[in-house]
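Asks: Below is a structure I'd like to ask you about.
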Amino acid sequence: MTEADAKAIIYGVAIGDALGWPIELMKMDKIQIIYGERGIQEPPDPARISDETQTTEAVIKALIDAGDEDVDGIMKALTHHLIEWSQSPENNRAPGHTLTEAVRTMEAGISWRESGLPQKGNGSVVRIAPVGYFFQHDLEKLKQVSIAVGLATHTHPTAVAACVAAAYLVKLGLDEVPVDQFTDRILAITRDMDEEFGGAVRKIGHVMGWTDEMAALNYIGAGWMADEAVAMAMYSVMKHPDNFARAVSRSVNTAGDSDSVGAVAGAVSAAVTGLEGIPPEWINRLENFDRLTELAEKLAKKRLEVFG
């Protein structure tokens, strides 16, 4: 089922991105005026993607090219594909400042080890899901590559820990680990990385029993920072583990960075529910559906070649 898993995760990122992008930067009262009390509940048709999905594609291409190489080999490939994306006419979806500046630094010939900025925004965690899929059965490599992919743009320890967590959540979903174990597992794998990230994750336990899910999400954060985006995505999936549509719609209906939280939640929820859990009509609405499908198929083939 590795190809189906690859498709699920890539579609999940894109759907979460496309569902959240129309309401990014909107206040919740305006979202409710436009879409109703529960907020936006399904992606538009066509479901347009933004830089969250585009940079995820860059990571996928790097893994296809160099997934069998060491971290430096993978990062050399990722540098190429991020620069390629940056120079593309498709780079017109308002990417974040930190991401843009870091890629510009790479373009000037600076190594990925020195290109990142000391920021903890969510621009690194939104692209990390393919790493969790590809290295599902190699935890040490998952951590190493997640850290490197994050450091290339965001060097703050909170953002780096969030990258490891976001990739590991995809692995946990694919491994069919019960969602009620997610918090402990994430705290364990990031224990020695950053306490601030751990604090955001611990908020989930405080709000899981709340009946007002919107208030719970707001308590965790707004999603602009990497730790908040991952914790909000975790909460949404843990609250609706068997329902991709509800988990992702829950994650994006916030006054914060809706498409970023949605991209993370979409990947994790897709890993939990599988491809069959994603509404087919949502998949069919995706901008660049054929390209995303082809990338998923190539990624699955590469994983099979590397790990058998």
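Bear in mind these aren't lab numbers, they're just calculated from the coordinates by the rules spelled out. These numbers come from a predicted model, not from an experiment. Cβ placement follows ideal geometry from the backbone for every residue including glycine, while neighbour counts extend to all protein chains displayed.
Asks: About the Cα centre of the range 203-308, how large is the charge dipole given +1 on each Lys and Arg Cβ and -1 on each Asp and Glu Cβ? Please answer in debye to the nearest 20.
Replies: Values: 10 positive and 14 negative charges, 45 e Å.
With Lys and Arg at +1 and Asp and Glu at -1, about 220 debye.
Asks: If one takes the longest principal axis of the Cα atoms in the chain, at what angle in degrees, from 0 to 90 and to the nearest 10, does the Cα axis of helix 195-207 lie?
Replies: 30
Asks: I've got another one for you. What does the C-alpha gyration tensor say about the overall shape of the chain? Classify as rounded when a/c is under 1.5, otherwise prolate if a/b is larger than b/c, or oblate. Walk me through the intermediate numbers first.
Replies: On the way: a/c = 1.30, a/b = 1.26, b/c = 1.03.
Judged from the Cα gyration tensor, the chain comes out rounded (a/c under 1.5).
Asks: So which of LYS61/LYS239; LYS76/LYS120; LYS61/LYS143; LYS30/LYS143; LYS141/LYS298 end up more than 29 Å apart, counting from Cα to Cα? Don't skip to the answer; put the middle values down first.
Replies: On the way: LYS61/LYS239 32 Å; LYS76/LYS120 23 Å; LYS61/LYS143 19 Å; LYS30/LYS143 40 Å; LYS141/LYS298 20 Å.
Distance filter (> 29 Å) returns LYS61/LYS239; LYS30/LYS143.
Asks: Taking amide H positions as placed in the peptide plane 1.01 Å from N, state which residues far from LEU117 in sequence (5 or more) or on other chains have amide H under 5 Å from it.
Replies: Those qualifying (amide H under 5 Å, at least 5 residues apart or on another chain) are HIS154, THR155.
Asks: Between the alpha-carbon centers of the range 40-77 and the range 234-254, tell me the distance in whole angstrom.
Replies: Taking the Cα centre of the range 234-254 as reference, the centre of the range 40-77 is 22 Å away.
Asks: In addition: Collect residues whose amide H, placed 1.01 Å from N in the peptide plane, falls under 5 Å from the amide H of LEU286; neighbours closer than 5 in sequence don't count.
Replies: ALA47
Asks: For the chain, find the longest principal axis of its Cα atoms and tell me its angle to the long axis of helix 51-66, 0 to 90°, nearest 10.
Replies: Tilt relative to the chain: about 40 degrees.
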